[in-house]
Structures are given as C-alpha cells and as structure tokens.
C-alpha cells in the first residue's frame with residue numbers, strides 16, 4: 001500500500017472515512033475475523049445487520065463485542081435480504097414489484113426484531129444491494145430512521161431522510177485487481193466523506209491481510225478521521 005500511503009501523506013485537507021460491512025447475520029466466523037482487524041487498530045466499523053438472519057447466539061456475540069469495543073455500530077440491512085424482482089431486473093428487496101405496505105411492514109418488523117435482539121441499534125437503514133424504491137426512502141423518517149445509506153449513484157435527489165452513501169466497493173475493486181489504484185483515486189479526489197463498503201463473507205485470509213495493510217496506513221495518518229456512521233446523524237447532512 002505504498003501508493004496509498006504516499007497519497008494520504010500528500011493530503012492538503014482532512015478527510016473523513018467510514019467503513020460499512022454488509023450482511024451481518026451471515027458467515028459469523030468471517031465477520032468476527034473482520035471485527036478483529038478493526039478492534040486491533042482501535043478503529044470504528046458499522047455493521048448492516050439482516051434482521052431475519054440474525055440469531056440469538058450471534059446477537060449476543062455482537063452485543064458483547066460492542067460492549068468491549070465501543071467502535072462497533074449496528075444498524076438495519078433490509079429485512080431478509082430476499083430478491084422480489086423478476087429475473088430481467090436488478091435484484092431488490094424493496095423494489096417496484098412489492099406494495100409499499102408490504103415494504104413498510106418488513107422495515108418495521110426488522111427494526112423490532114433487531115431492537116429485541118440487540119437492544120441498542122443506530123437509526124440507520126441500508127437496503128440490500130444498495131437499492132430500494134424512492135417511496136421507501138421518503139417514508140423512513142416516519143418510522144424512526146435518521147440516516148439512509150446506499151451507494152453514491154443512489155443519491156440523485158434530496159430526501160426527507162439524510163443520506164450517507166458508500167463511495168468505494170472494496171470487493172469489486174479487489175476482484176478487478178485495482179484495489180490500491182481505486183483507493184488512491186478516492187483519497188486524492190475526496191470531496192466529502194469516503195464510505196468504504198465491505199462484505200465479510202467474501203473475504204479470505206489474503207483479503208483480510210490487504211485490508212489490514214490499508215487500515216494500518218489510514219490509522220497512522222493524522223489527516224484522516226475514521227468515524228462511525230452515527231457521527232453524521234449528530235452532524236447533519238454530509
């Protein structure tokens with residue numbers, strides 16, 4: 001990560017970063033291996049938790065880790081991470097093929113399930129596959145959510161609920177063999193918070209080692225502040 005280190009060293013303005021790991025509730029061993037990386041470096045990470053996938057044992061383990069390492073944020077990731085769209089459309093759990101009433105019912109059921117299992121969750125909603133209907137986004141504030149997080153392409157209009165998009169898909173850039181090049185571009189051209197999206201279930205030891213190297217560079221820089229996503233609830237719209 002020498003190129004990333006050089007780019008960060010040359011930064012002229014401070015940069016804020018957050019890490020969002022999706023699909024908590026799946027692949028617990030890989031999830032806890034990822035959390036170890038952040039805990040070892042004292043860095044915060046936010047987990048988008050699938051309500052229907054989270055079991056009692058997994059919930060207790062996450063709550064225990066959060067109590068020991070206050071940098072773990074937990075928020076809602078859809079309901080069951082199911083696709084309801086026909087094959088010719090992009091996958092979506094909260095898309096045009098479902099009535100708005102069904103979508104809202106799932107959001108409420110998911111929020112209540114997470115609250116019962118985890119007790120404390122951040123009022124943030126991340127949709128599976130980073131997409132959902134405009135109607136759902138507009139209704140989130142009425143159901144207790146203060147922040148909506150998808151990807152940058154989803155942020156095409158002002159919404160009643162503040163948006164905090166991810167800007168960098170770690171797994172896709174690694175798959176395309178342009179991980180460091182993509183990170184260098186992100187930090188060199190940062191014009192707001194950099195949101196790095198992770199998928200723990202897709203990460204093996206080699207992938208975690210690469211992430212650890214990047215985290216070491218980021219943690220060593222006084223120009224970079226790694227924030228929990230709830231920071232932007234208190235701060236307001238990014």
Please determine, in degrees from 0 to 90 and to the nearest 10, the orientation of helix 28-41 with respect to the longest principal axis defined by the Cα atoms of the chain, where the helix direction is its Cα long axis. 40 degrees
With Cα atoms, 0 to 90° folded angle of helix 100-118 axis to the chain main axis: 60 degrees
Using only C-alpha positions, report the orientation-averaged shadow area of the convex hull of region 117-233, nm², one decimal. 8.8 nm²
Report Rg/Rh for region 2-235, rounded to two decimals, where Rg is the Cα radius of gyration and Rh the Kirkwood radius. 0.95
Using a simple spin-label model with points 7 Å from Cα along the Cα→Cβ vector, what separation in nm is obtained for residue 189 and residue 112? 4.5 nm
Modelled label-to-label distance, residue 159 and residue 172, 7 Å Cα→beta-carbon offset: nm? 1.7 nm
If I stretch the segment between residue 233 and residue 206 completely, what's the gain in nm (0.36 nm per residue apart, minus their alpha carbon distance), one decimal? 6.3 nm
Rounded to 0.05, the calculated FRET efficiency for the beta carbons of residue 9 and residue 67 at R₀ = 25 Å is 0.10
May I ask for the angle, rounded to the nearest 10°, between helix 179-188 and the longest principal axis of the chain, with both axes built from Cα atoms and the value confined to 0 to 90°? 90 degrees
Compute the distance in nm between two label points, each set 7 Å from the Cα along the Cα-to-Cβ direction, one at residue 134 and one at residue 82. 2.8 nm
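Computed from the coordinates by the stated procedures, all read-outs in this text should not be read as laboratory data. If you're wondering where the values come from, they're calculated on a predicted model, not measured in any experiment. All Cβ positions, even for glycine, are placed from backbone atoms using ideal geometry, and neighbour counts span all protein chains on display.
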